[in-house]
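The values are calculated or read from the model by the stated rules, or taken from the named source; none is laboratory data. The shown structure was predicted, so the numbers you read here are calculated from the model rather than taken from an experiment. Ideal geometry is used to build each Cβ from the backbone, glycine not excepted, and the neighbour counts take in all protein chains shown. Ligands, DNA and RNA are stripped out before the accessible areas are found, and what is left, the full protein with its side chains, is counted by its heavy atoms. Shrake-Rupley method; radii C 1.70, N 1.55, O 1.52, S 1.80 Å.
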Amino acid sequence: MHFLDHNEKFPPISEADEHGLLAIGGELSIPRLIYAYNHGIFPWYDASQPLLWWSPDPRMVLFPENLKVSKSMRQLLRKEKFTVTFNKDFRAVIEACAEIRRAGQHGTWITQEMIDCFGDLHELNIAHSVEVWEEGNLVGGLYGIYLEDKKVFCGESMFTRASNASKYGFITLVRKLKEDGVKLIDCQVYTQHLESLGAVEISRDQFLSFLDSPA
């Protein structure tokens, strides 16, 4: 396991362990985050842990053209059940994601430091948010990192306060990204929910080929 000094570079991705953990420590800075996402690495830890950096193999991804939309979701979309906006209130979205408690998870991995850093990335037009509204209330949303030059969107987290709200926002985002020519949406790790939407696992090497980053 590689322990990073404050300004030390990441080790080769091939040195990640069987769980995808690549390195521990270093600083959570804007330059490091930009480098990490451009090279298939992301931070994931909670307030009780040191800074952990991951690059799992296999990698869960969604090719926009393979998006699966259920009959019930198609009906909600046709009825325009919710209103969806982009980058209208990034801070509210990431803070809501931090507040959601998930099964098997102790605390949140979206620490205050993470909120502040991603807020700075949003100001740089690198971190993007999707807001889902119902009668003027924010009822769902998600955020992620948009590597626009590589046509890759890295999904980070989502939340919902109303049935199907986050899925509604996700589907709307994927359709928009497809129109923008995005090749791949990085979902990081497997979940049944992502699989139901059309996401699949690919090798880390294949994922890195979309980033033009050697393993």
Leaving out ligands and nucleic acids, note down the accessible area per residue over the chain with a 1.4 angstrom probe, in whole Å².
49
Relative contact order in percent for the chain (Cα pairs under 8 Å, 6+ apart) equals 25
Can you give the log10 of the normalised intensity I(q)/I(0) at q = 0.13, 0.16, 0.24 Å⁻¹, computed with Debye over equal Cα scatterers of region 37-89?
-0.68, -0.86, -0.98
Mind checking the angle between helix 112-123 and the chain's longest principal axis? C-alpha axes, 0 to 90 degrees, to the nearest 10.
70
Just the number: Rg to Rh for the chain, Cα atoms, Kirkwood Rh, two decimals.
0.95
Build a GNM of the chain with springs between Cα atoms under 10 Å: which of 60, 73, 114 gets the top mean-square fluctuation?
73
If R0 is 25 Å, what FRET efficiency do you get for residue 196 and residue 49 from their C-beta distance, rounded to 0.05?
0.25
For residue 86, distant residues with modelled amide H under 5 Å away
131
Taking a ≥ b ≥ c as the square roots of the Cα gyration tensor eigenvalues, with a/c under 1.5 meaning rounded and otherwise prolate when a/b beats b/c or oblate if not, region 2-54 comes out rounded
Only bridges with both residues in the chain count here: give the DSSP antiparallel percent, nearest 5.
85
Per DSSP H run of n ≥ 4, the term is -39500 (n - 2.57); total these for the chain, divide by its residue number, and report the mean residue ellipticity at 222 nm rounded to 500 deg cm²/dmol.
-9000 deg cm²/dmol
At R0 = 30 Å, FRET efficiency that the Cβ-Cβ distance of residue 29 and residue 63 yields, to 0.05:
0.45
Within region 28-100: Cβ-based charge dipole about Cα centre, in debye rounded to nearest 20 (Lys, Arg +1; Asp, Glu -1):
500
Take the cross-link list 79/151; 81/167; 68/167; 81/176 and give me the ones stretching past 20 Å between alpha-carbons.
79/151
Take the alpha carbon atoms of region 1-62, find their center, do the same for region 131-158, and report the distance between the two centers in whole angstrom.
22
Between residue 113 and residue 72, what length comes free when the chain is fully extended (0.36 nm per residue of separation minus the Cα-Cα distance, one decimal in nm)?
10.9 nm
Give the angle, between 0 and 90 degrees and rounded to the nearest 10, that separates the Cα long axis of helix 90-99 from the longest principal axis of the Cα atoms of the chain.
80
Based on the inverse mean of 1/r over its pairs of different Cα atoms, what is the Kirkwood hydrodynamic radius of region 59-104, in Å?
13.9
Treating only the Cβ atoms of Lys and Arg (+1) and Asp and Glu (-1) as charged, compute the dipole magnitude of the chain about its Cα centre; round to the nearest 20 debye.
1180
Take the solvent-accessible surface of the protein heavy atoms, probe 1.4 Å, and return the percent of it on the chain that carbon and sulfur atoms account for.
49
Please find, in a Gaussian network model of the chain (springs between Cα atoms separated by less than 10 Å), the residue of 142, 77, 22 whose mean-square fluctuation is greatest.
77
